[in-house]
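A short write-up of the structure that comes next.
Bear in mind these aren't lab numbers, they're just calculated from the coordinates by the rules spelled out. Since the structure is predicted, the reported quantities are computational estimates derived from the model, not experimental observations. Methodologically, a virtual Cβ is constructed for each residue, glycine included, from the backbone with ideal geometry; neighbour enumeration extends over all protein chains shown.
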Amino acid sequence: MKNRNRLFAIAVMLIVLAGSACTQGGGPTAKESVPVTDDEKRAQGDAILKQMSDKLRSAPAATFSTTESIDRVKRNNEKVHLNLARQIAVRRPDKMWFKTSGDRDLEFMYSGKMVTLVSHKDKVFGEVPAPPTLNETAEMITAKYGISLPISDLLSADPEQALKDEETKGGWNRRETLNGVVCNVLSYQHPAVDFSLWVPVSGDPLPQKMEITYKQRRGQPSTTVTFKDWNLAPQLNDEMFARKVPEGYEGIAVIQRASAVIPTEEAAETPPDVKEPAKTKSK
């Protein structure tokens, strides 16, 4: 009889443990607050977005890597899919470096005074004067040269403000496990851009994934970025961001060459009043 009672107790314990395990992972438990109404979803989404923004903006420097899946539509309506890998280093307020591999080959250096773009595959480079801050430089290269950096909003002085404004709707959407990490998925809609962010439920609120759809561009191009290897306390010296162009590389006009090294359809559209300067050789 005692053995039977002991076996029964063990069976009950196993059932309880199994039930507890089922509540962990992709979905919230009964005790956790789950937003139901649109107002609740908006409030929770905005709170998580602010936590993420505060974490990012508090770091004077950061390094991380990304994998990017990009879908574009050319002017002839041809669809293009690109897969990229990118290593990134940033030091606020005026330094950035990244190197892209995969379907595009590009090294980018922002020293606080100049932006230098290098294609090692084609052995060419381009340079443009740059504003004194990373925020202004990201806006400049998008507005003047059609070079979009999907992650630039996350690297701004205030990511939350850069990502949404009074026209932005949305908020918390669901919970989802991404590469073993349980994340809150935030989804926002804007007349120009829709975006979603995957932010861990526990630990540092650093973005794990981002999806963007540009609704007002040709064919509504989209980009999916997955983040990894976040380091918010790297040791970065000025040499990391300095101009580095191998000897013998040919200098070209950034605006006319951007379509070859940057995966955006806007970069291919050269204004008629822009003329290509004389080509130079790096020294």
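Taking only alpha carbon atoms, region 90-189 gives an Rg to Rh ratio of 1.05, where Rh is the Kirkwood radius. Divided by 2.2 N^0.38 Å, where N counts the residues, the Cα radius of gyration of region 160-256 comes to 1.47. Mean projection of the Cα convex hull over all viewing directions, computed for region 30-118: 10.1 nm².
In loop segments of region 89-168 as defined by DSSP, the GluC sites (Glu not before Pro) with at most 14 further C-beta atoms inside 10 Å of their C-beta are E166, E167.
Spin-label pair Q161-Q220: with each label point 7 Å from Cα along the Cα-Cβ axis, the two points sit 3.1 nm from one another. Put in line by how crowded their Cβ is, counting other Cβ atoms within 10 Å and starting with the fewest, Y145, Y249 read Y249, Y145. For region 218-250, the list of GluC sites (Glu not before Pro) that fall in a loop by DSSP and count at most 14 other C-beta atoms within 10 angstrom reads E247.
Looking at region 92-136 from every direction and averaging, what is the projected area of its Cα convex hull in nm²?
3.2 nm²
Treating each Cα of region 213-252 as an identical point scatterer and summing with the Debye formula, the log10 of I(q)/I(0) at q = 0.21 Å⁻¹ comes to -0.80. Listed from fewest to most Cβ neighbours within 10 Å, the set L186, L106 follows the order L106, L186.
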